[in-house]
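Contents: one structure, followed by commentary.
The values are calculated or read from the model by the stated rules, or taken from the named source; none is laboratory data. It should be emphasised that the depicted structure is a prediction, and the values quoted were computed from it without experimental measurement. Counting neighbours? That spans all protein chains shown, and the Cβs are built from the backbone with ideal geometry, glycine included.
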Amino acid sequence: MQLWTTKSNPINKIVLKCPSVNICELINCYICTELLANPECWPIYAAIIGGILIAIIFTCLFKLCLLLNKIFITIAELVWCIKTTLRILKILLKLIIKIPYLIMRKIIEARLKNKEQQKNNAKNDIELAEIKIEKQREFKPFIPFRKKFGARGTTINKIVVILAIIHLANGASQFASFSANEEDCTKLENNQTKCHVSHETILTLTPSHRIAQLLIRGSNKLPMGIVDITIDDIVVECQKSSEYFSRSHEIKTYSSKRCPKQGSCTGNTCANTKLDSKIPELNAVNDLPGNTFCIDSCSFLMCGCGFPTTSCIFYRLHAVERSKKIYEFFNCPAWQYAIELAIKRTDNKGTTQIDKIMLYNGILTETSGLKLAINAITKAPTPILATRFLTDGNKVMIADHLNSKLYCATQGEAESFNGCQLDADACKCSVTDPTVTCQCKNGRLDKQFLENPARVLPIISQALRSKTRKTAYTPRYRMLPSNCKYLWKIIS
């Protein structure tokens with residue numbers, strides 16, 4: 001290299017010489033970035049080192065993915081355990097609150113029933129005493145004809161009235177009753193007073209008597225009519241809680257045998273195979289819901305292998321859909337009780353009006369001038385209400401005997417099918433070299449409704465009649481009224 005300067009005289013000449021150097025001689029390492037950056041020096045060695053580094057990187061990434069998968073599965077199981085624990089605590093809390101309440105109600109009802117019985121006995125004694133006195137008056141000697149005839153007429157009238165009252169009481173049910181009156185008066189500008197009279201009656205009907213008959217009186221104490229209240233049915237509606245979704249399926253087996261040192265049968269691959277392992281030999285079914293397994297098998301010459309070490313049988317139990325319908329398993333942690341009533345009103349002119357109403361527990365309902373509310377229902381034990389159910393969106397069946405081995409957490413996972421999980425205990429398998437033979441649980445949910453018609457709603461039994469609502473496919477039972485005791489309030 002030559003440089004000239006003309007700043008001053010004379011002209012100076014500068015010469016710089018750079019001797020050539022071999023770059024490969026400057027690399028003094030065996031595993032370093034300089035060696036990988038200059039593969040032309042030792043191409044074979046650089047390729048081997050690069051391949052090893054790439055394999056290490058991919059192995060680390062694979063292990064990281066497996067670790068993240070385990071973490072996510074552990075978190076999901078922890079969330080499920082927490083939800084199950086909270087559900088159990090909720091049920092226990094309800095039982096702890098409800099049992100003392102039911103005991104107190106039984107005690108109060110027993111006392112009220114005894115008092116009412118004493119009151120009825122006293123009333124009957126008074127009526128019998130009046131009849132006895134009238135009979136004694138009727139047979140007194142030396143009574144003038146007119147007085148005697150008048151006394152006899154009075155006795156006959158009283159007997160007729162008493163018989164009418166006895167007939168009325170026998171025609172309706174025996175029940176405990178408590179009444180109260182309330183007057184709300186307002187003074188108007190013209191010095192007139194406007195009053196609203198409210199009459200409140202609390203009835204307790206026993207299981208064997210379902211009809212109550214009330215006499216309605218006006219503010220002047222004169223009869224205005226009779227109200228007959230008849231209990232037709234007791235309806236209990238399920239408050240649905242979903243457990244999981246599923247699909248109608250069959251469980252198939254896909255297997256592949258590998259001799260030692262062939263394919264995936266190297267090292268501890270068989271021993272380290274997990275349920276979610278993706279084995280290349282099983283690529284045809286790796287995307288279907290299922291579980292992967294590996295079993296050691298025979299090898300060497302008698303089994304068609306060249307090495308004497310154990311061979312590997314990789315197999316995957318996978319679910320194959322058999323219907324597009326989505327099935328849901330659910331239970332009913334709570335039931336809403338309601339009573340179907342027939343209310344017959346007869347006024348003092350003989351006009352009759354019959355109304356049919358549905359009365360829900362704790363909700364005030366008004367019909368034809370009457371306000372009715374159920375204060376409490378004492379229910380008989382009904383084990384069928386604690387069962388679980390299965391629905392396909394159109395039908396509902398009792399499924400306490402049934403469990404699907406294909407779990408889908410949401411309806412969306414059930415629609416895609418590939419997002420569901422197959423139970424690891426769905427099949428029992430044995431080795432039949434070079435494959436495996438498995439006995440699997442039946443997953444054809446579409447056939448359950450045909451094979452168990454006695455469990456499909458509606459169901460009619462001695463104590464219950466079941467059906468489903470049209471708006472939502474959840475169970476709705478009609479109980480025989482003799483299974484319950486009712487305490488309600490009537491305001492007229």
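Computed quantities for the displayed model
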item	result
Where a residue in the range 424-445 is within 30 Å of VAL396 (Cβ to Cβ) and touching a residue at least 60 places away in the same chain (Cβ under 8 Å) and its partner, wherever it lies, is among the aliphatic types (A, V, I, L, M) and in a loop (DSSP other than H, G, I, E, B), with Cβ under 9 Å and at least six apart	ALA424/LEU275; CYS440/ALA426; LYS441/ALA426; GLY443/ALA426; LEU445/LEU402
Residue match in the range 409-429 (condition: under 16 Å from LYS325 (Cβ atoms), over 16 Å from the mean Cα position of the chain (by Cα) and outside any helix (DSSP H, G or I))	yes
Hey, CYS305 in a loop (DSSP other than H, G, I, E, B), surrounded by 19 or more Cβ atoms within 10 Å (Cβ to Cβ) and not β-branched (Val, Ile, Thr) or not	yes
Leading residue by the ranking (modelled with the highest pLDDT) among those in the range 441-466 that are farther than 18 Å from ASN331 by Cβ and touching a Leu at 6+ places or on another chain (Cβ under 7 Å)	GLY443
Test result for SER255, in contact with a Ser or Thr (Cβ under 7 Å, 6 or more places away or on another chain) and under 18 Å from PHE417 (Cα atoms)	no
Qualifying residue in the range 235-251 (condition: among the basic types (Lys, Arg) and in contact (Cβ under 8 Å) with a residue 40 or more places away in the chain)	yes
Residues (in contact with a helix residue (DSSP H, G or I) (Cβ under 9 Å, 6 or more places away or on another chain) and either of a type in the set (Lys, Arg) or surrounded by 10 or more Cβ atoms within 10 Å (Cβ to Cβ) (or both)) located in the range 38-55	ASN38, PRO39, CYS41, TRP42, TYR45, ALA46, ILE49, GLY50, LEU53
Residue count, the range 357-394 (criterion: without any contact (Cβ under 8 Å) to a residue 60 or more places away in the chain and either of a type in the set (S, T, N, Q) or in a strand (DSSP E or B) (or both))	8
Contacts under 7 angstrom Cβ, first residue in the range 396-418 being farther than 22 Å from LEU450 by Cβ, partner modelled with pLDDT of 90 or more and assigned to a helix (DSSP H, G or I), 6 or more apart	CYS408/ALA414
Selection within the range 214-238 - farther than 17 Å from MET358 by Cβ and modelled with pLDDT of 80 or more	GLY225, ILE226, VAL227, ASP228
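Every residue, every condition in (1) crowded, with 18+ Cβ neighbours inside 10 Å; (2) touching a helix residue (DSSP H, G or I) at 6+ places or on another chain (Cβ under 7 Å), yes or no:
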| residue | (1), (2) |
| --- | --- |
| LYS325 | no, yes |
| CYS332 | yes, yes |
| ARG345 | yes, no |
| THR378 | no, yes |
| THR382 | no, no |
| SER404 | yes, yes |
| ASN418 | no, no |
